[in-house]
Amino acid sequence: MTTSVKSVSVSFADLGLSEPTLAALHKMKFEKPSPIQAAFIPIAMSGSDCIGQAHTGTGKTAAFVLPLLERLDFGRPVVQALVLTPTRELSEQVAEECKRLSYSSQCKTVCIVGGRPVRAQIAELQKGVHVAVGTPGRVIDLIERQNLSLGDLQFVVLDEADRMLDIGFRPDIEKILRRCPEERQTLLLSATLPPPVERLANRYMKTPQKVDMSTNGIATKTVDQYYVTVDYDRKMETLRWLLLDQRPQQVLVFLRTKRGADELYRKFAGKLPNVAILHGDLAQSHRDRVMKQFRSGEVRMLIATDVVGRGIDISGISHIINYDIPEYCDDYVHRVGRTGRLSSDEKGYAFTFVTRDQGEQLTNIEIRINNMLPEYKIPNFESARPQAPRKTIHEVEGFSNR
Ligand code: AMP
């Protein structure tokens, strides 16, 4: 069954949440459920397996955390819920949200991710926790060391399942799921539902209900999206002009490769203050420091690759710049979802640099988001030599004008 909610007139109380949870929501200033929350929470609370198609920025974390909190037995300090996410940063964000949403209850949450001292995580597990949030690698590590027992699990959440599969976590996820009790509830959240995610769901979920918020995502509504035609050898200059033109409050610049990100960072670091870089090869201590500085606003421009950039949830991000056009259309959706955040009243802006040979990739993105991106011309700057007009999406097979 597919549920699709266009507007939300229900309140959190209407969703059947308990008083302590309502108090936590009040404290967090969450006034009304987001569409994914209104649709997902009642299904998850009913005990059914559920697939939520929504990307970060739509309130999907609370959509799965709230039903867990309502149904955990806090009198038993054993791991009853396991949440798997693709990146350390996302695991930490989810664990944080879980702690904030359960501030008035007895719920204990541990975050088990690589790059952090394993001893502290083991100590927390030994003290007794109800919810474990982590990345698949470290979770397996702790299962194998017998520090994490899955015997009492009642809930498994696969967050950003598409990304976990993209970055090669399938064998680890399957290994973990095979060790989970048969009798459990499985929730899966994913921005997209490509066949590998469907296969995973078919194999490990029991007649899941589906909630599709993929096109109702807040991000696509509140983000002004443009492309900028660029010459390959003038991308850096174009970026400089665009920054001067836009003067972003905070900007996240996406590149495809770590090498490209390093190069751009080297060129910018000396010229602009408050610039930082984030990619998977950098030490965890560096990644933590950068995230902290970006969150506090000290870092204004963050240069990142997809894997680490996509989980970032910072309300101050006003601009996304796709310095390299994303390789996969779904990455576009994820990247752009970093701005126009639910908790922010400000509008977000996304600019995608497109070189003359990338017209087709741009069209594919437009088909994916079912929206035509207008071109942005930076005032007083010619970012590319003139080129032949490209096909419009209406001329391309596969585009539906909904
Ligand atoms: P998420 O999609 O889970 O990454 O959530 C995006 C941001 O929206 C986070 O900062 C959440 O704390 C916030 N948020 C989630 N649900 C609500 C809500 N109902 N009202 C206001 N903010 C929310």
Legend entry - Condition check for Val113: more than 22 Å from Leu282 (Cα to Cα) and open to solvent by less than 30 Å² (accessible area, probe 1.4 Å): no
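Based on what the data block shows, is Leu82 touching a residue at least 12 places away in the same chain (Cβ under 8 Å) and crowded, with 23+ Cβ neighbours inside 10 Å? Outline the logic, then answer.
On the way: touching a residue at least 12 places away in the same chain (Cβ under 8 Å): yes; crowded, with 23+ Cβ neighbours inside 10 Å: yes.
For Leu82, the condition - touching a residue at least 12 places away in the same chain (Cβ under 8 Å) and crowded, with 23+ Cβ neighbours inside 10 Å - is met.
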Inset, instruction - State whether the residues of region 102-110 include one that is assigned by TED's automatic domain parsing to the domain that holds Met28 and within 20 Å of Gln284 (Cβ to Cβ). - result: yes
Inset, instruction - Name the residue, out of Gln154, Gln209, Gln126, Gln185, that is exposed (fewer than 15 other Cβ atoms within 10 Å of the Cβ) and of a type outside the set (Gly, Ala, Ser). - result: Gln126
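Quick check on Leu165: is it modelled with pLDDT under 95, touching a strand residue (DSSP E or B) at 6+ places or on another chain (Cβ under 7 Å) and open to solvent by 10 Å² or more (accessible area, probe 1.4 Å)? Show your work before the answer.
Values: modelled with pLDDT under 95: yes; touching a strand residue (DSSP E or B) at 6+ places or on another chain (Cβ under 7 Å): no; open to solvent by 10 Å² or more (accessible area, probe 1.4 Å): yes.
Criteria not met by Leu165.
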Inset, instruction - Say whether the condition of being within 22 Å of the chain's Cα centre (by Cα), at pLDDT 90 or above and of a type in the set (Lys, Arg) is met by at least one residue in region 224-238. - result: no
Inset, instruction - Would you check if Pro20 is more than 16 Å from the ligand (Cβ to nearest atom), surrounded by fewer than 24 Cβ atoms within 10 Å (Cβ to Cβ) and not in a loop (DSSP other than H, G, I, E, B)? - result: yes
Legend entry - Filter result for the condition that a residue is in contact with a strand residue (DSSP E or B) (Cβ under 7 Å, 6 or more places away or on another chain) and within 16 Å of the ligand (Cβ to nearest atom), over Ser296, Ser318: Ser318
Inset, instruction - Those residues that are more than 9 Å from the ligand (Cβ to nearest atom) and among the charged types (D, E, K, R), I need them from region 53-70; list them, please. - result: Glu70
Inset, instruction - Give region 23-48 a look and list any residue that's open to solvent by less than 10 Å² (accessible area, probe 1.4 Å) and more than 12 Å from the ligand (Cβ to nearest atom), or say none. - result: Ala39, Ala44
Legend entry - Options Arg138, Arg100; residue that is basic (Lys, Arg) and either within 16 Å of the ligand (Cβ to nearest atom) or surrounded by fewer than 20 Cβ atoms within 10 Å (Cβ to Cβ) (or both): Arg100
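The values are calculated or read from the model by the stated rules, or taken from the named source; none is laboratory data. Keep in mind that this is a model prediction, so the values were computed, not measured. Reconstructed Cβ throughout: ideal geometry from the backbone, glycine too, with neighbour counts over all protein chains shown. Accessible surface is based on the protein model in full, side chains and every heavy atom, while ligands, DNA and RNA are left aside. Shrake-Rupley method; radii C 1.70, N 1.55, O 1.52, S 1.80 Å.
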